[in-house]
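Structure record follows, encoded as structure tokens.
The values are calculated or read from the model by the stated rules, or taken from the named source; none is laboratory data. Predicted, not measured: the structure shown is a model, and the values here were computed from it. Note that each Cβ is placed from the backbone with ideal geometry, even for glycine, and that neighbours are counted across all protein chains shown. The accessibility values were calculated without ligands, DNA or RNA, using every heavy atom of the protein model including side chains. Shrake-Rupley method; radii C 1.70, N 1.55, O 1.52, S 1.80 Å.
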Amino acid sequence: MTSLKPFHATDLFRVNAVNLDVLTENYNIAFYLSYLAQWPSLFFSTENPQGEITGYMMGKAEGRGKDWHGHVTCLSVAADYRRIGLARTLVDNLERQSEDPYDAYFIDLFVRASNALAIGMYKQFGYSVYRRVVGYYGGEDGIDNEDAFDMRKPLKRDKNRESVREDGENFRVRPEDVYL
């Protein structure tokens, strides 16, 4: 049985097994701590009965007006714990937390356009591609840049589903035009 737990600063010493995935973004400690300080209810983990972290979600709330939303900054599940529903548990919890207390219109996330497995998973969770962000991933030198899909899922506050669009994969923007 896996438990959902609030993330604590000392958990940073216990996430190495989860962060070993090539597609998981790794950040410096100050970045993790800034999220933990600003959005503690949107940063949580799953643990197995032995107390080992098996996955975590790092999220935030941002935007203005109808762009007020929850954002998936990092979702990662340890390789041995994939395909058993932990990602859904983590995403569902972020959605609940984004609705109450944050009262967000939608949840968004960025995923590599080449990561078909993650895109398929998020589509199963009810997300759709809102737009393609050209060259979002990559070095400052512009070499090996990769596009990202900005995927979104409307929440209860977005009654008219204004936060999503049907032609998202064909709608292109540059990274500097994205409100991060």
Across the range 121-133, what is the total count of residues that are modelled with pLDDT of 95 or more and more than 13 Å from V164 (Cβ to Cβ)? 3
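Every residue, every condition in (1) within 13 Å of the chain's Cα centre (by Cα); (2) among the aromatic types (F, W, Y); (3) more than 30 Å from N160 (Cα to Cα), yes or no:
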{"position": "G51", "(1), (2), (3)": "no, no, yes"}
{"position": "M58", "(1), (2), (3)": "yes, no, no"}
{"position": "R96", "(1), (2), (3)": "no, no, no"}
{"position": "E99", "(1), (2), (3)": "no, no, no"}
Within the range 3-12, is there a residue that is at positive phi, part of a loop (DSSP other than H, G, I, E, B) and either touching a residue at least 24 places away in the same chain (Cβ under 8 Å) or touching a Lys or Arg at 6+ places or on another chain (Cβ under 7 Å) (or both)? no
Residue, farthest from L36 (Cα to Cα), within the range 77-101, restricted to residues that are in contact (Cβ under 8 Å) with a residue 60 or more places away in the chain and not aliphatic (A, V, I, L, M): Y81
I'd like the full set of residues that are open to solvent by less than 90 Å² (accessible area, probe 1.4 Å) and of a type in the set (V, I, T), limited to the range 12-68. V15, V18, T24, T46, I53, T54
